[in-house]
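The structure appears right after this line, and notes come after that.
The values are calculated or read from the model by the stated rules, or taken from the named source; none is laboratory data. These figures come from a predicted structure and were not determined experimentally. Backbone-built Cβ (ideal geometry, glycine too); neighbour counts: all protein chains shown.
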Amino acid sequence: MFDTLTDSFKNAIGKIRFHDDEKALKKATTELKKSLLKSDVHHKVVKDLISTVELETKKHGVGKDNFLKALQDKLTDILTLEGAPKGFTFASKPPTVVLMIGLQGSGKTTTTGKLAYFLKEQKKKKVLIIAADLQRLAAVEQLKQIASNIEVELVADEGATPTDIVKHGLDKAEKELYDVVLIDTAGRLAIDDELMDELAEVKKVANPDDLFYVADAMTGQDAVRTAQTFKEKIGITGVVLSKFDGDGKGGVALGLTQQVGVPLRFIGNGEKMPDLEQFIADRIVSRLMGAGDVEGLAERAAATIDPKEAKRMTQKIKKGQFNFNDFLAQMEQMKKLGSMKSIMGMIPGMGNMAKQIGDMDLENSDEIKQIKALVSSMTLKERENPDLLNNMRKRRLAAGAGLEPMHVNRVLKQFKNASKMAKKMSTKGGMKQMQDMMSQMQGGGGLPNIPR
Ligand SMILES: Nc1nc2c(ncn2[C@@H]2O[C@H](COP(=O)(O)OP(=O)(O)O)[C@@H](O)[C@H]2O)c(=O)[nH]1
Ligand SMILES: [Mg+2]
């Protein structure tokens, strides 16, 4: 997450008034420098950022707006490589072949699944995964499970060599007209020649359009160093930073593109399949400045939420007809959007909430389990009409769901509140009200809109 970095920028911006003097600017940049270094941004990147921002702000006149603009421009500059691809790019002639490489445990296999899910759900592509990590039986098993969960085709053969399986997979992709082929490879605990040789061979056979180096964000500057080595030895065209949701400080994402000379293409921010984000500089800058990433959120929602269904649901909510079936259906939809933490981080002014919420697990929280147990004990009529539930029916439900009557009452009350809240939010300006409430709870409004 970008919380720590966003806080650093917010603090610095807060130190400068609408019109101000160079002393205030110095104070703001000195503090910013300190906190960026603390967030594990490389010192050269920090130095470059600070000196440019100081220079540009002075040139246009010291004041909040010019400082903000200078920061925004420089950040965009730092996160962009001229002419380099952004997010996922497709080859002119399908299939687009991507080789996933990296150290053991960096998140290659998980990221392969996430990418496949992203391409299938958001880009509506036909995706094939090739399991070329044949070192460990468990690795193939892990990929099998992931592929079957997201319903993506997998080519795996424990007996084959990595190059054979890649050849076999590419043939299949060609014949069966796949759009994208993702190849998961073996890693090692550290960089060694044997690994590099194997990867070089796989690369020769696969002739990939992209080579994504998957790096664990929690390893900080080590992620940058290993990426540099892989770039020299194998050649990479993009980096994916996994485990960005961890308590890493996030600074590595800021410098990586310039340091390695290869664009950061994706960020992994959770263990679940939807927890992957394209790294698009403008959007990231917007988030770093505390303005959220509405575009990214809308994109994700558009791909997962059926607009007709959403409209039908809104109508029901407005009429107060929201029932238990709808409730469960909504839960399923939410699950597809990704972890609560990653969603909140994209809503303007809610970045801090994300920190407080932690990771609400929609599948496994006790409350959700109770609700599911309860709903499955209901008759169809009861599911459709929560008002039917009198005391006798409640006792029957409690027994059926293995809950205390007290729990049943609590769940029903929560459901009533949720449906009231939903009704409120569905009115015009409801979402705005909610946001205002949230930002008041955080003890401060969001940042003003950033001038473009
Ligand atoms: N929290 C979190 N965990 C991740 C993320 N990506 C991968 N992991 C976890 O990291 C561990 C290693 O991932 P795996 O894909 O098996 O790594 P590989 O050895 O490079 O294939 C697994 O437990 C994953 O669930 C991420 O973005 N966030
Ligand atoms: Mg693996």
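Consider the stretch 96-128 and keep the residues that are among the β-branched types (Val, Ile, Thr) and either part of a helix (DSSP H, G or I) or over 19 Å from Pro162 (Cβ atoms) (or both). The one that is farthest from ligand 2 (Cβ to nearest atom) is Thr96.
Residues in the stretch 284-315 that are modelled with pLDDT under 75 and in contact with a Phe, Trp or Tyr (Cβ under 9 Å, 6 or more places away or on another chain) were compared, and the one that is farthest from Leu71 (Cα to Cα) is Met313. In this structure, Val155 does not qualify as crowded, with 19+ Cβ neighbours inside 10 Å, farther than 28 Å from Leu254 by Cβ and away from ligand 2 (no atom under 16 Å from the Cβ). Within the stretch 130-157, the set of residues being away from ligand 1 (no atom under 16 Å from the Cβ) and more than 25 Å from the chain's Cα centre (by Cα) comprises Val155, Asp157. Filtered by the rule that a residue be among the small types (Gly, Ala, Ser), surrounded by fewer than 21 Cβ atoms within 10 Å (Cβ to Cβ) and either within 16 Å of ligand 2 (Cβ to nearest atom) or within 18 Å of Val46 (Cα to Cα) (or both), the stretch 239-286 gives Gly261, Ala281. All but one of (1) surrounded by 21 or more Cβ atoms within 10 Å (Cβ to Cβ); (2) among the β-branched types (Val, Ile, Thr); (3) within 27 Å of the chain's Cα centre (by Cα) hold for Thr89, so report the exception by its number. Unmet for Thr89, out of (1) surrounded by 21 or more Cβ atoms within 10 Å (Cβ to Cβ); (2) among the β-branched types (Val, Ile, Thr); (3) within 27 Å of the chain's Cα centre (by Cα): (1). Is at least one residue of the stretch 199-212 touching a residue at least 12 places away in the same chain (Cβ under 8 Å), more than 17 Å from Val240 (Cβ to Cβ) and β-branched (Val, Ile, Thr)? Looking through the stretch 199-212, at least one residue is touching a residue at least 12 places away in the same chain (Cβ under 8 Å), more than 17 Å from Val240 (Cβ to Cβ) and β-branched (Val, Ile, Thr). Among residues of the stretch 117-140 that are in the same structural domain as Val166 (by TED's automatic domain parsing), those with a Cβ under 8 angstrom from a residue that is of a type in the set (Phe, Trp, Tyr) and surrounded by 18 or more Cβ atoms within 10 Å (Cβ to Cβ), sequence gap 6+ or separate chain, pair up as Phe118/Phe88; Leu119/Phe88; Lys123/Phe88; Lys126/Tyr178; Val127/Tyr178; Leu128/Tyr178. Among the residues of the stretch 74-95, those that are in a helix (DSSP H, G or I) and touching a helix residue (DSSP H, G or I) at 6+ places or on another chain (Cβ under 7 Å) comprise Lys74, Leu75, Thr76, Ile78, Leu79.
Would you call Ala200 over 16 Å from Ser106 (Cα atoms) and either part of a helix (DSSP H, G or I) or within 17 Å of the chain's Cα centre (by Cα) (or both)? Yes. If you go through the stretch 223-248 and keep only what is under 17 Å from the mean Cα position of the chain (by Cα) and in a helix (DSSP H, G or I), you end up with nothing.
Considering the stretch 176-228, the residues that are more than 16 Å from ligand 1 (Cβ to nearest atom) and polar (S, T, N, Q) include one that is farthest from Pro95 (Cα to Cα), namely Gln221. For Ala70, indicate whether it is in the same structural domain as Val53 (by TED's automatic domain parsing), without any contact (Cβ under 8 Å) to a residue 24 or more places away in the chain and either among the small types (Gly, Ala, Ser) or out of contact with any helix residue (DSSP H, G or I) (no Cβ under 6 Å at 6 or more places or on another chain) (or both). The answer is yes for Ala70.
Tell me, which residue of the stretch 158-182 that is within 16 Å of ligand 2 (Cβ to nearest atom) and not in a helix (DSSP H, G or I) is surrounded by the fewest Cβ atoms within 10 Å (Cβ to Cβ)? Within the stretch 158-182, the match that is surrounded by the fewest Cβ atoms within 10 Å (Cβ to Cβ) is Glu158.
Within the stretch 92-113, does at least one residue satisfy the condition of being of a type in the set (Ser, Thr, Tyr) and surrounded by fewer than 15 Cβ atoms within 10 Å (Cβ to Cβ)? Within the stretch 92-113, one or more residues are of a type in the set (Ser, Thr, Tyr) and surrounded by fewer than 15 Cβ atoms within 10 Å (Cβ to Cβ). For the condition touching a residue at least 40 places away in the same chain (Cβ under 8 Å) and hydrophobic (A, V, I, L, M, F, W, C), Val155 does not qualify.
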